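Worksheet: the structure to be examined is printed underneath.
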Amino acid sequence: MLQCQLVETPLLNLVNFQTLIATKSARVCYAAGVYSPETTKDRVIEFGLRRAQGIDGALAASRAAFVGGCAGTSNVLAGRLFGMPIVGTHAHSWVMTFPNEREAFDRYADAMPNNCVFLVDTYDTLDGVRRAVEVGRRLRESGHEMLGVRLDSGDLAWLSIETRKILDDGGFPNASIVASNDLDERLITSLKLQGARIDTWGVGTKLVTAFDQPALGGVYKLGAIQDENGNWQHRIKLSEQTIKVSNPGILQVRRFQRDAEHRGDMIYDELLNWRHGQGATLIDPADAYRQKHFASGAESSDLLVPIFRGGELVYAIPTLDEIRDRVRESLDHTPGAVKRFDNPHEYPVGLESGLHKLKSKMILDAREQT
C-alpha cells in the first residue's frame, strides 16, 4: 500500500498531462490534414516553449505533442533529449536589429543558407514576402534554396493566398508557407475552409497548455486488495456523484474491432470469469439501459500491458517514433464520426456485464451497511 501511494502522484502527473497534450496535438494534426491519406505536405510544428508551464512542463509537452503527430518542435532541449526534429525561424527582433528588412534577410541567409524560412510580417507582410523572394534568388545563385516564409499575424487566409502568388511568380513554387499566431484545431479548420495556402502550421500556446481543457481528470482508486492468505477482495468507493463511484476489481480494457474500425472498449475484471472469445455486453455505468453487444469470436485485444512485475521491468520500451506510429495507427482505425469536432458520435465504452452486476451489488451492500 505504501509503495502504491508513493507512485500515485508521479504516475498521475505523467499520464494525465501528457495524455492531454498528445490528444490536443492529435486534434490539431487531424485538422491540418496530417492524418489524411490524401495529404502529403501539411505538417504541424510545436511552438509552445515560451507559454508552457515551466521548463519541465515544456519538455513534457514537446514530447507529447510529437507523439500526437507534430513533425517537430522549436524546443531545442527537447530535440536534444528526445531525438525530435528541431524546426524554427528567426524572430522579429532579428529583423528589428538591422536598419531595414532586406539587410536582416540577407544576413540571415548568410548565416543559415540551408535553413532559410523568413519571418515576413515585422513591417508589411506582402512587402516582406517580395524581399524574401529577392534574397531567395541570391541564395539560389550560390547553390542554396530558400525553404519558405512565415506569416505570424493578420488575415492568414488572404495573406497566404497572396503570398503563394508572389512565391510562385517569383520562381519558388516549392517554398513552404508557415503560419503561426494562436492557432488551434478549429482555427486551422476554418482557414482550410477559406482556401488558405498554408502547408506548415506552427502551434504553440493553445497546444502546450491544452487551452480549452487545461486538465485531464484521471484519478487513482483502490480496486482490490489481498488478505493475509493471498485472496483478493474487491473494494469500491461510493459518491453522490455517479462519475465518482469507483470500479472494483483488477481491471483490464478490451477493445473490439470490426471491418478494421474500433467499435467499443469494455472494462472487465480479471478476477471474474469473463474470458477472451466469449460474447460480451458493454453496459454504460451511468445508464444501465445503454448497452452494446459483441458476439463470441469478435475481433478484440487487451489495451493494458504490465510495465513492472515484482519490481522488475517486463516491458520492451518503444522508441518515440514507435509510440507516434501507434497513435497514428489507432486514429486511422477510429471512425470518422467519433473524430469530428462538432457533435461527435459517442464512442461506446462500458463495463462488462458481470463487472456491472458486481459493482451494483457492492453499491447496494455498502449503502445498506451505512
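The values are calculated or read from the model by the stated rules, or taken from the named source; none is laboratory data. Bear in mind the structure is a predicted one, so any value in this text is a computation, not a measurement. A quick note on method: Cβ atoms are made from the backbone with ideal geometry, for glycine too, and the neighbour counts reach across all protein chains shown. Side chains included, ligands, DNA and RNA excluded: accessible areas come from the protein's heavy atoms. Shrake-Rupley method; radii C 1.70, N 1.55, O 1.52, S 1.80 Å.
Here's a check for you: in the stretch 328-370, which residue that is of a type in the set (Asp, Glu) and without any contact (Cβ under 8 Å) to a residue 60 or more places away in the chain is least open to solvent (accessible area, probe 1.4 Å)?
365
Working carefully through the options 189, 125, 209, 205, find the one that is of a type outside the set (A, V, I, L, M, F, W, C), modelled with pLDDT of 95 or more, open to solvent by 10 Å² or more (accessible area, probe 1.4 Å) and in contact with an Asp or Glu (Cβ under 7 Å, 6 or more places away or on another chain). Before you say what the answer is, go through the steps one by one.
Numbers: 189 fails: in contact with an Asp or Glu (Cβ under 7 Å, 6 or more places away or on another chain); 125 fails: in contact with an Asp or Glu (Cβ under 7 Å, 6 or more places away or on another chain); 209 fails: in contact with an Asp or Glu (Cβ under 7 Å, 6 or more places away or on another chain).
Testing whether each residue is of a type outside the set (A, V, I, L, M, F, W, C), modelled with pLDDT of 95 or more, open to solvent by 10 Å² or more (accessible area, probe 1.4 Å) and in contact with an Asp or Glu (Cβ under 7 Å, 6 or more places away or on another chain) leaves just 205.
So which residues in the stretch 327-354 are in a loop (DSSP other than H, G, I, E, B) and among the basic types (Lys, Arg)?
Selection gives 340 alone.
Six or more apart or on different chains, Cβ atoms under 8 Å: show the pairs whose first residue is in the stretch 192-211 and within 19 Å of residue 166 (Cβ to Cβ) and whose second is assigned to a helix (DSSP H, G or I) and among the polar types (S, T, N, Q).
196/160; 197/160; 197/163; 198/160
Looking at (1) of a type in the set (D, E, K, R); (2) open to solvent by less than 30 Å² (accessible area, probe 1.4 Å); (3) assigned to a loop (DSSP other than H, G, I, E, B), which one does residue 240 not meet, given that it meets all the others?
Condition not satisfied by residue 240: (2).
Name, by its number, the condition in (1) without any contact (Cβ under 8 Å) to a residue 60 or more places away in the chain; (2) of a type outside the set (A, V, I, L, M); (3) open to solvent by 10 Å² or more (accessible area, probe 1.4 Å); (4) more than 20 Å from residue 104 (Cβ to Cβ) that does not hold for residue 160.
Residue 160 satisfies all of (1) without any contact (Cβ under 8 Å) to a residue 60 or more places away in the chain; (2) of a type outside the set (A, V, I, L, M); (3) open to solvent by 10 Å² or more (accessible area, probe 1.4 Å); (4) more than 20 Å from residue 104 (Cβ to Cβ) except (3).
Give the number of residues within the stretch 46-95 that are under 20 Å from residue 15 (Cα atoms), in a helix (DSSP H, G or I) and open to solvent by less than 30 Å² (accessible area, probe 1.4 Å).
12
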